[in-house]
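The values are calculated or read from the model by the stated rules, or taken from the named source; none is laboratory data. Here the structure is a predicted model, which means the values were calculated and not measured. Positions of Cβ are generated from backbone atoms using ideal geometry, with glycine treated the same way; all protein chains shown enter the neighbour counts.
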Amino acid sequence: MNNSRGLGEICGYFLVLSMIAVGGANVVIPEMHHQLVELRGWMSSGDFVSLVALSQAAPGPNVLIVSLLGWKVAGIPGALVATFAMCLPSSLTAYFFSGFWRRFQQAPWRIVVQGGLVPVTVGLVLASGFVLAHEADSNWIAYCITALTAVLTWRTNLNPLWMLGAAAIGGAFGLI
Amino acid sequence: MTSGKCYRNAMDTVTTPSIQTSFTRKELFFCFLYMGLVSFGGVLPWARRELVDQRKWLTSEEFTEMLSLGQILPGPNVVNLSIMFGARHYGATGSILAFSGLMLAPLVILLALANLYGSFSHYEAVQHAVRATASVSAGLMLAAGLNMLAKMRKAWGDRLVTLTAFTGSGLLALPLLLVLAVMIPVSILFSWRSHR
């Protein structure tokens with residue numbers, strides 16, 4: 001597994017994946033595991049899982065998991081190629097679609113469609129909050145932290161960095 | 001917000017009202033750079049906080065609408081959001097600035113961490129700290145959802161759709177594509193009925 005893969009192969013795979021990934025990178029994690037670990041054997045399952053964990057602990061969009069997978073396969077060039085291949089097709093689509101969407105700003109059908117998308121999105125954002133809490137919170141203190149953060153962020157203008165910092169320190173000293 | 005409201009009344013024909021703002025390309029880039037840098041556990045809550053609450057570059061409704069579009073298009077929703085938001089103000093340059101601002105810092109941090117990871121992941125304290133911040137991240141995401149819920153149209157059909165999408169994707173852990181494929185047509189139907 002030491003020989004560095006062709007960047008072209010990485011590029012090709014993620015260009016295609018980009019257009020399948022409706023809903024974001026998290027949705028295609030099982031698909032990437034299947035392809036990169038089971039079919040292509042580019043890394044072990046253990047490597048894959050720890051890279052996913054690392055990408056979720058670090059700041060930034062979820063799509064950065066792709067950068068780490070590319071890095072594992074072909075170092076820094078692999079990371080850059082995978083990231084751009086994963087973002088380029090979908091970003092071009094978003095760019096042209098947003099222009100198209102703005103052109104029909106006043107069209108009745110667009111207002112109807114947009115009005116239909118919003119409630120689904122709100123439900124999905126709440127669902128991902130629930131899923132994150134379910135994964136992260138293993139005891140009542142952790143649930144309290146999640147609830148407290150939600151209330152403070154919803155009701156006050158406190159910068160969430162304070163809460164992240166406090167939780168990190170509390171966690172490091174074994175208080176949480 | 002008051003000046004924003006005056007503007008909206010004056011421009012009553014505009015369906016998705018916009019807060020009047022102007023900012024430079026540099027501000028756009030640094031805003032997204034900041035978001036990328038601090039967005040532990042997900043960009044979405046931070047994007048909403050910066051673009052809506054702090055800088056008032058978007059109304060809450062506009063933010064939710066832009067995110068909805070990002071959701072149905074392929075690719076990560078916040079990356080799509082950066083592309084669309086950038087495009088709206090500064091065209092292709094804006095998209096590139098917002099996108100690269102968002103990705104730059106986390107990419108550098110992540111690659112640095114990846115090189116160190118083998119050694120430092122063994123420290124129990126680090127793992128506990130990371131786990132504790134994940135609890136905070138969950139709270140941030142819930143708060144973003146609650147904020148969006150509070151600003152949603154008050155219609156029973158919309159509420160029902162939100163509840164069903166939440167149940168399907170969150171409680172039942174159904175595949176996202178399935179939830180989208182079922183709920184979007186239903187929701188558009190409700191929306192069409194209420195707009196007639």
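Check whether at least one residue in segment B:52-70 is in contact with a helix residue (DSSP H, G or I) (Cβ under 6 Å, 6 or more places away or on another chain), at the interface with chain A (Cβ under 9 Å from one of its Cβ atoms) and of a type in the set (Ser, Thr, Tyr), and report yes or no. So far as segment B:52-70 goes, yes, one or more of its residues are in contact with a helix residue (DSSP H, G or I) (Cβ under 6 Å, 6 or more places away or on another chain), at the interface with chain A (Cβ under 9 Å from one of its Cβ atoms) and of a type in the set (Ser, Thr, Tyr).
In segment A:33-148, counting only helices (runs of 4 or more DSSP H) that sit wholly within it, the ones holding 3 or more residues that are within 30 Å of residue B:184 (Cα to Cα) and more than 10 Å from chain B (Cβ to nearest Cβ) span A:64-103. Going through B:83, B:109 one at a time, which residue ends up being touching a strand residue (DSSP E or B) at 6+ places or on another chain (Cβ under 8 Å) and part of a helix (DSSP H, G or I)? Every option except B:109 fails the conditions. Residues that are out of contact with any Cys (no Cβ under 9 Å at 6 or more places or on another chain), of a type in the set (S, T, N, Q) and modelled with pLDDT under 90: does segment A:94-114 have at least one? Yes, there is a match, as at least one residue in segment A:94-114 is out of contact with any Cys (no Cβ under 9 Å at 6 or more places or on another chain), of a type in the set (S, T, N, Q) and modelled with pLDDT under 90. Checking B:97, B:149, B:178 one by one, the residue that is assigned to a helix (DSSP H, G or I), more than 7 Å from every other protein chain (Cβ to nearest Cβ) and farther than 23 Å from residue B:37 by Cα is B:178 and no other. In segment A:47-55, the condition of being crowded, with 18+ Cβ neighbours inside 10 Å and in contact (Cβ under 8 Å) with a residue 40 or more places away in the chain is met by no residue.
When the residues of segment A:155-165 are narrowed to those that are at the interface with chain B (Cβ under 8 Å from one of its Cβ atoms) and either touching an Asp or Glu at 6+ places or on another chain (Cβ under 9 Å) or surrounded by fewer than 17 Cβ atoms within 10 Å (Cβ to Cβ) (or both), which ends up nearest to residue B:139 (Cα to Cα)? Selected residue: A:161. Before we move on, is residue B:156 within 7 Å of chain A (Cβ to nearest Cβ), under 25 Å from residue B:59 (Cα atoms), surrounded by fewer than 18 Cβ atoms within 10 Å (Cβ to Cβ) and not basic (Lys, Arg)? For residue B:156, the condition - within 7 Å of chain A (Cβ to nearest Cβ), under 25 Å from residue B:59 (Cα atoms), surrounded by fewer than 18 Cβ atoms within 10 Å (Cβ to Cβ) and not basic (Lys, Arg) - is not met.
Matching residues to (1) crowded, with 23+ Cβ neighbours inside 10 Å; (2) within 25 Å of residue B:136 (Cβ to Cβ); (3) touching a Ser or Thr at 6+ places or on another chain (Cβ under 8 Å):
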{"residue": "B:23", "(1), (2), (3)": "no, no, no"}
{"residue": "B:28", "(1), (2), (3)": "no, no, no"}
{"residue": "B:33", "(1), (2), (3)": "no, yes, no"}
{"residue": "B:36", "(1), (2), (3)": "yes, yes, no"}
{"residue": "B:41", "(1), (2), (3)": "yes, yes, yes"}
{"residue": "B:54", "(1), (2), (3)": "no, yes, no"}
{"residue": "B:61", "(1), (2), (3)": "no, no, yes"}
{"residue": "B:65", "(1), (2), (3)": "no, no, yes"}
